[in-house]
Structures are given as C-alpha cells and as structure tokens.
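These notes concern the structure reproduced below.
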Amino acid sequence: MDFIKKHYEKLILLLLLVIFIASMFHVLNIIKQTGEIQEHHLQIPTREADYKIQDPNDPSFNVPEILKSTSLSWVNPGPRAKGNEDHYSDLSFVFRIVRCPFCKKLIPRSYMEKQSVCPFCKNAANNGEAFAEPPDEGVLDVMIPEDILRQYQLDPNDPDVRFYDIDGDGFSNIYEYVMKTDMGDPRNHPPLWHRLRVIEVGKVSLPVKFTGIDTTDGEDDPQLWVLKFNNGDINTIGGEIELDRKYFKIEKAERKVENVNGEKKDASILFLKEVGGNLEVQMKAGETVRSFVDKAQLEDSANPGKRITVTVGEQFSLGNRLTGSESYRVKSFDTKAGSVLLENPSAAEGDPNATKDKNGTVMLVSGFGQVSPRMKVRERQQNRMGEYGPDMPYGPGGPYAPGQRRYQAPGRR
C-alpha cells in the first residue's frame, strides 16, 4: 500500500501512456484500411429477385398443345340469379340502359320494353303504372344509300352522316329518310310535333323561385328587407309578384335561418295573397313553387333547354320562317302515363281525325318523344385546328345550328 501511495501518479501516467499507444495503433490501422477501400466496397448489395427465370421453351408454355390436350370448359357470362335473364352485368358484357323519367336513375332498357316498373322508385310518380312505350329503334339498322348521300353533297365514308341535319329543320337525315321527306329542304319535313317530348305533367314547377332575404339595410325593420329571387329580381314587402299568370301581393316575410350540416341556410318564408282573389301562397327560400292547375312542360329538341308550358285547350306553335310554322292545341293530359294528346286547332268540333297529323299518326307526346334519342341530330364540332370531319367529336352547338340552312336540295339550286 505504501508503494501505491508513493508512486500512484506514475502509475496513472503509465496507464494513460498505454492507452495513447493503443489509440495510435488503432488510428494507423484505420488509415491503412481506408487506403485499401475499392469501388465495389461502396456499392449497395443487390437484392436477390423473388422470381425464378423460366425457360420459354418449356412444355408448360406451349399453348396450342395445352389446348389440344386439355378439355377446357368456357362459361359464357350470364345472370347470377333466376329472374334476371334480361338484365345483368358482367365485366365483358354490355347491355342497353335508359334513364328512368321519374327518379332519373339508369336502369336496363328491358324494363321499358316490357312495360315493367322501375326497380328503384317503382314509378312512384305514376302510382306503379307501366312506362309509356319507347320509340322503335329498329330504324337504326337503316342506312341511307350512297347515291342519295352524294346528291346532297354528303360524305358516304362518314359513319355519322345520317345523324346530321343538313337543312336545319330539327330532324336528322336518317329520320327524314325513313319518314320519306326531303332531308335537304327545310320546308319538307315530318310533322314538327315529332320534335316534342314531355318533361313534366301535372302541377309543374314554376320558373320563379324565392332565394332569400338581404337584411343589410335594416335587420330589425322588415320594410327595409330586400327579397331576392332566382331570376335576378328583387322586391320588398307590399310589392307584387307574378306566379302562374296570377298576381300576388307580398303580405309579410318571416326571417329564418337553419343549420344544415354545420352551415347556415336561409329558410325564410314569404306569405302571398292573390290580388283580387282569395288564393294564398307561401314561398320558402330555395324551394320550388308549383302551378295551381295541371299543366304540361314540353321540350322542343330543336331548341334544347327551352320549355313550352301549356294547359288543356291552349294553342301553341312550332317552327320558324325557315321550316314554316305549325299550330297545335292541347286536347288532354294523362298524368299517370306522363303523356299529352294534341289536336289540330283548325279541325271542326267532333272531327274523329282531329288528333291525327297529316300522316294519320295520333299526336300523343310522351316522355320519350316520337324520335328515338339515338336518332336525334348530332352536330359536328371543330377540333383545335378549326377542322371538321367524321373523326371530330360531336355535340350540340356545332357549326350547323338548328334553323340555319346548310345545303340546297337537289334540283333547287
């Protein structure tokens, strides 16, 4: 113990010297190894593939021999449950569909062909009645002869040329060919009521809609409230508004705000009273107001988006200076079938043919229309280079708009 007490400083220095010498050897070893590092030492090792290389000449890849030696049972696509033979879906099977005129959902066309009810809404708007019969699409197989196409300066190589409307009367070339009218003469066309289809029958929606109240000028004073409508009009309490050909006075307004999915929504109500009458109406913000009597809303395919609203006994006209004008009168509605029966306004009272057109066809307008949707006019559209052609996309509003004369009929130059 006395030795350690006398020489402990030297022992500590000796230990540090040994550690220092060992560290120097370690550093020299590292420097030596660094000088020996080559490029392959720095590369990330390649992961071994999970697959094995196969021989393409292996008999297991000889498809013709396998087909000869194996009895393969190819199962055709089909329904997965009985009773669905007419409408089923498969990844490789395509079938025709239509949009239900009541719930607007896509359903197999067979429901309409067999006059069945919609599987989604059960035709709730029609009390379960069968669909109106859709127009016959057998004419889709009809082709216009090449010599006739060339007479009208049309390209026979254009597969969609039969769907054009070269005279601007609102009917496609193929429809005029089937109806035996002159596809190049806008005055020679099928009856114009063929362009109509029913949008709605019964208490139809009115175009005017109350949208809300602006209380900027005075939240506590109803007389300063600004009443807003969807057509851009504004009004105030005490003002008048026209609904379904009747005038109403705005008696009062009730300011309401509802919380819908965490957002505030204007749910104010207007209280209206007929001017010179006893009819009272309430208009809630954002909700549709319906007509007070049964009406029909019709759409003319030559003017898509424009609605014709008529009542029983009302007369209206179709056409223009190019096609000529034709007048019709509404004889009756069928709210269950969603159809409108027209008649000739010039026919004598009691005439049994008053509801028939010049071809002897009863003028019954349905939600499908007289012309199949697949036979309606297709307009050619320009590509980015300003070119037209059979390979260009089609859609409404192309270079040839309904009502514009495109070509002169043969013999009319």
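The values are calculated or read from the model by the stated rules, or taken from the named source; none is laboratory data. All figures in this text were calculated on a predicted structure; none of them were measured in a lab. No Cβ is skipped: glycine too gets one built from the backbone with ideal geometry, and neighbour counts run over all protein chains shown.
For residue 380, indicate whether it is at pLDDT 50 or above, surrounded by fewer than 15 Cβ atoms within 10 Å (Cβ to Cβ) and of a type in the set (D, E, K, R). Against the criterion (at pLDDT 50 or above, surrounded by fewer than 15 Cβ atoms within 10 Å (Cβ to Cβ) and of a type in the set (D, E, K, R)), residue 380 does not qualify.
Kindly establish whether residue 335 is at pLDDT 90 or above, surrounded by 14 or more Cβ atoms within 10 Å (Cβ to Cβ), farther than 30 Å from residue 228 by Cβ and among the polar types (S, T, N, Q). For residue 335, the condition - at pLDDT 90 or above, surrounded by 14 or more Cβ atoms within 10 Å (Cβ to Cβ), farther than 30 Å from residue 228 by Cβ and among the polar types (S, T, N, Q) - is not met.
Among the residues of region 1-19, those identified as exposed (fewer than 10 other Cβ atoms within 10 Å of the Cβ) and either in contact with a strand residue (DSSP E or B) (Cβ under 7 Å, 6 or more places away or on another chain) or not aliphatic (A, V, I, L, M) (or both) are 2, 3, 5, 6, 9, 10.
Is there a residue in region 161-183 that is closer than 30 Å to residue 243 by Cα and either in contact with a Phe, Trp or Tyr (Cβ under 9 Å, 6 or more places away or on another chain) or of a type outside the set (D, E, K, R) (or both)? Among the residues of region 161-183, not one is closer than 30 Å to residue 243 by Cα and either in contact with a Phe, Trp or Tyr (Cβ under 9 Å, 6 or more places away or on another chain) or of a type outside the set (D, E, K, R) (or both), which makes the answer no.
Here residue 248 fits the description: closer than 27 Å to residue 309 by Cβ, surrounded by 17 or more Cβ atoms within 10 Å (Cβ to Cβ) and out of contact with any Phe, Trp or Tyr (no Cβ under 9 Å at 6 or more places or on another chain). Looking only at region 162-173, count how many residues are among the hydrophobic types (A, V, I, L, M, F, W, C) and crowded, with 21+ Cβ neighbours inside 10 Å. Matching residues across region 162-173 total 2. When residue 194 is tested against the conditions (1) under 15 Å from residue 266 (Cα atoms); (2) surrounded by 19 or more Cβ atoms within 10 Å (Cβ to Cβ), the lone failure is (1).
Rundown of residues vs (1) without any contact (Cβ under 8 Å) to a residue 24 or more places away in the chain; (2) touching a strand residue (DSSP E or B) at 6+ places or on another chain (Cβ under 8 Å); (3) among the basic types (Lys, Arg), yes/no style:
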{"residue": "225", "(1), (2), (3)": "no, yes, no"}
{"residue": "228", "(1), (2), (3)": "yes, yes, yes"}
{"residue": "232", "(1), (2), (3)": "yes, no, no"}
{"residue": "236", "(1), (2), (3)": "yes, yes, no"}
{"residue": "241", "(1), (2), (3)": "no, yes, no"}
{"residue": "245", "(1), (2), (3)": "yes, no, yes"}
{"residue": "251", "(1), (2), (3)": "yes, yes, no"}
{"residue": "255", "(1), (2), (3)": "no, yes, yes"}
{"residue": "260", "(1), (2), (3)": "yes, no, no"}
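Restricting attention to region 338-358, does a residue exist that is surrounded by fewer than 20 Cβ atoms within 10 Å (Cβ to Cβ), β-branched (Val, Ile, Thr), outside the structural domain of residue 214 (by TED's automatic domain parsing) and over 30 Å from residue 230 (Cα atoms)? Yes, region 338-358 has at least one match. Does residue 275 fit the bill of being surrounded by fewer than 17 Cβ atoms within 10 Å (Cβ to Cβ), of a type outside the set (S, T, N, Q) and in contact with a Lys or Arg (Cβ under 9 Å, 6 or more places away or on another chain)? In short, yes. Do we have residue 187 as in contact (Cβ under 8 Å) with a residue 12 or more places away in the chain and surrounded by fewer than 22 Cβ atoms within 10 Å (Cβ to Cβ) here? The answer is yes for residue 187.
If I go through region 284-294 residue by residue, how many of them are in a strand (DSSP E or B) and at pLDDT below 90? Write out each step before concluding.
Step one: filter region 284-294 for residues in a strand (DSSP E or B), giving 284, 290.
Now narrow it down to the ones that are at pLDDT below 90: 290.
So the answer is 1.
On the stretch given as region 133-147, residues that are surrounded by 15 or more Cβ atoms within 10 Å (Cβ to Cβ) and either modelled with pLDDT of 90 or more or not in a helix (DSSP H, G or I) (or both) total 3.
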